[in-house]
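Student: Quick one: the structure is below, and I'll ask about it shortly.
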Amino acid sequence: MPGRPSRGVAYAVVGVIGLVFLIPLFAMLEFTLRQTAGGYGPDHWLALFDPDNARAYRPLFQGLGNSFLLAVLTLVIVLGVFFPTVVLVHLRFPRLERALDLLTVLPIAIPAIVLVVGFAPIYRALGSVVGSGAWTLSLAYGVLVLPFAYRAINSDLQGMDARTRAEAARSLGAGWGTVLVRIVTPGVRRGLLGASLLTIAIVLGEFTVSSLLNRVTLQTALLQISKSDPFVAVAVSLLSLVGAFLVLLLVSSTGGAPRRRTRRGSRSNTSQESSS
């Protein structure tokens, strides 16, 4: 095809991009293998899983548990509240889509420190009612992930022609709950997977809001541990990056396989019919 790079050029570009991402990871691994007396060894990795160091690393495990809890709660907000709202606006109130799009851009346009200033009085009032547990950060994180979740979901909604399918299902007697679960959700599966991945990545990597609101999360715990043991802090950061990369591969493979199987199945059926 004219204008398309050759396979060798494509492999070279992918290889260069891969090195850009892998070199910092190898540098982090090399740093964690350094020994204080010189040389290299797995001492810092073994110390991370040593029960005798559980007390010293208690803030790290507490922050890791809080971040996973916040990721789950924020996912519930995105999938249980925000996703139905986007679908409702898209199907029933299309005139409000531009306003919703503008509203979801605000968490990016407004600096994080300004958002915290706005969150602070809300969390003071919230703390007197439900307490000041780390789980309350999920409300703030739900606001932070809106721009990314909205665009991942809305792009699939536009591509699947959700209005036409919803009208067809409604004409056959389906309720709005059936339309949402059985018609719209399968069509935006890749968008939902992308929104979920972005939500988890943002929650696990967020530092400013949790630090200024005095909540213990993975990032604030890493900062605290790095003051006494930087090797363990870098090791945990490396594990989180590798874990996020594996989740990305899982999401990509899950989203793409069914469509390819369907196409191959349809082609085989067509060839069988033509031969017969």
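Student: Looking at the range 86-162, what helices (runs of 4 or more DSSP H) fall wholly within it and have at least 2 residues that are more than 24 Å from Leu180 (Cβ to Cβ)?
Tutor: Fully inside the range 86-162 and qualifying: 97-109, 112-130, 137-144.
Student: Evaluate the following for Ser228: is it in contact (Cβ under 8 Å) with a residue 12 or more places away in the chain, surrounded by fewer than 19 Cβ atoms within 10 Å (Cβ to Cβ), over 30 Å from Asn154 (Cα atoms) and within 22 Å of the chain's Cα centre (by Cα)?
Tutor: So Ser228 fails the test.
Student: Might you check whether a residue that is free of Cβ contacts under 8 Å to residues at least 24 places away in the same chain, in contact with a Ser or Thr (Cβ under 7 Å, 6 or more places away or on another chain) and on the phi < 0 side of the Ramachandran plot occurs anywhere in the range 112-126?
Tutor: Yes, some residue in the range 112-126 is free of Cβ contacts under 8 Å to residues at least 24 places away in the same chain, in contact with a Ser or Thr (Cβ under 7 Å, 6 or more places away or on another chain) and on the phi < 0 side of the Ramachandran plot.
Student: Tally up the residues in the range 177-198 that are open to solvent by less than 60 Å² (accessible area, probe 1.4 Å) and closer than 16 Å to Val78 by Cα, please.
Tutor: Summing the residues that are open to solvent by less than 60 Å² (accessible area, probe 1.4 Å) and closer than 16 Å to Val78 by Cα in the range 177-198 gives 11.
Student: Can you tell me how many residues within the range 63-84 are of a type in the set (Val, Ile, Thr) and either touching a Leu at 6+ places or on another chain (Cβ under 8 Å) or outside any helix (DSSP H, G or I) (or both)?
Tutor: 1
Student: When the residues of the range 199-212 are filtered to those that are buried (at least 19 other Cβ atoms within 10 Å of the Cβ) and farther than 14 Å from Gly65 by Cβ, which remaining residue is farthest from the chain's Cα centre (by Cα)?
Tutor: Here the answer is Val209.
Student: Just one of Ile108, Ile77, Ile113 is within 19 Å of the chain's Cα centre (by Cα) and at pLDDT below 90; which is it?
Tutor: Within the list Ile108, Ile77, Ile113, the selection yields Ile108.
Student: Among the residues of the range 108-123, which ones are closer than 27 Å to Gly65 by Cβ and either small (Gly, Ala, Ser) or surrounded by 12 or more Cβ atoms within 10 Å (Cβ to Cβ) (or both)?
Tutor: Those that are closer than 27 Å to Gly65 by Cβ and either small (Gly, Ala, Ser) or surrounded by 12 or more Cβ atoms within 10 Å (Cβ to Cβ) (or both): Ala112, Leu115, Val116, Phe119, Ala120, Ile122, Tyr123.
Student: I've got another one for you. Could you say whether any residue in the range 151-168 is without any contact (Cβ under 8 Å) to a residue 12 or more places away in the chain, in contact with a Leu (Cβ under 9 Å, 6 or more places away or on another chain) and of a type in the set (D, E, K, R)?
Tutor: For the range 151-168, residues without any contact (Cβ under 8 Å) to a residue 12 or more places away in the chain, in contact with a Leu (Cβ under 9 Å, 6 or more places away or on another chain) and of a type in the set (D, E, K, R): present.
Student: How many residues are aliphatic (A, V, I, L, M), open to solvent by 60 Å² or more (accessible area, probe 1.4 Å) and in a helix (DSSP H, G or I) if we restrict to the range 24-55?
Tutor: So the answer is 2.
Student: Criterion first (at pLDDT 85 or above, open to solvent by less than 80 Å² (accessible area, probe 1.4 Å) and of a type in the set (Gly, Ala, Ser)) does Ala166 satisfy it?
Tutor: Against the criterion (at pLDDT 85 or above, open to solvent by less than 80 Å² (accessible area, probe 1.4 Å) and of a type in the set (Gly, Ala, Ser)), Ala166 does not qualify.
Student: Still on this structure: Is it true that some residue in the range 124-136 is modelled with pLDDT of 90 or more, surrounded by 15 or more Cβ atoms within 10 Å (Cβ to Cβ), small (Gly, Ala, Ser) and within 16 Å of Val203 (Cβ to Cβ)?
Tutor: The answer is no; no qualifying residue exists.
Student: Considering the range 72-91 alone, what residues qualify as being among the hydrophobic types (A, V, I, L, M, F, W, C), open to solvent by less than 60 Å² (accessible area, probe 1.4 Å) and out of contact with any Asp or Glu (no Cβ under 8 Å at 6 or more places or on another chain)?
Tutor: Listed by number, the residues that qualify are Leu73, Leu75, Ile77, Val78, Phe82, Phe83, Val86, Val87, Leu91.
The values are calculated or read from the model by the stated rules, or taken from the named source; none is laboratory data. For clarity, every value in this text was computed on a predicted model and none was experimentally measured. Note that each Cβ is placed from the backbone with ideal geometry, even for glycine, and that neighbours are counted across all protein chains shown. These accessible areas exclude ligands, DNA and RNA; they are computed on the full protein's heavy atoms, side chains included. Shrake-Rupley method; radii C 1.70, N 1.55, O 1.52, S 1.80 Å.
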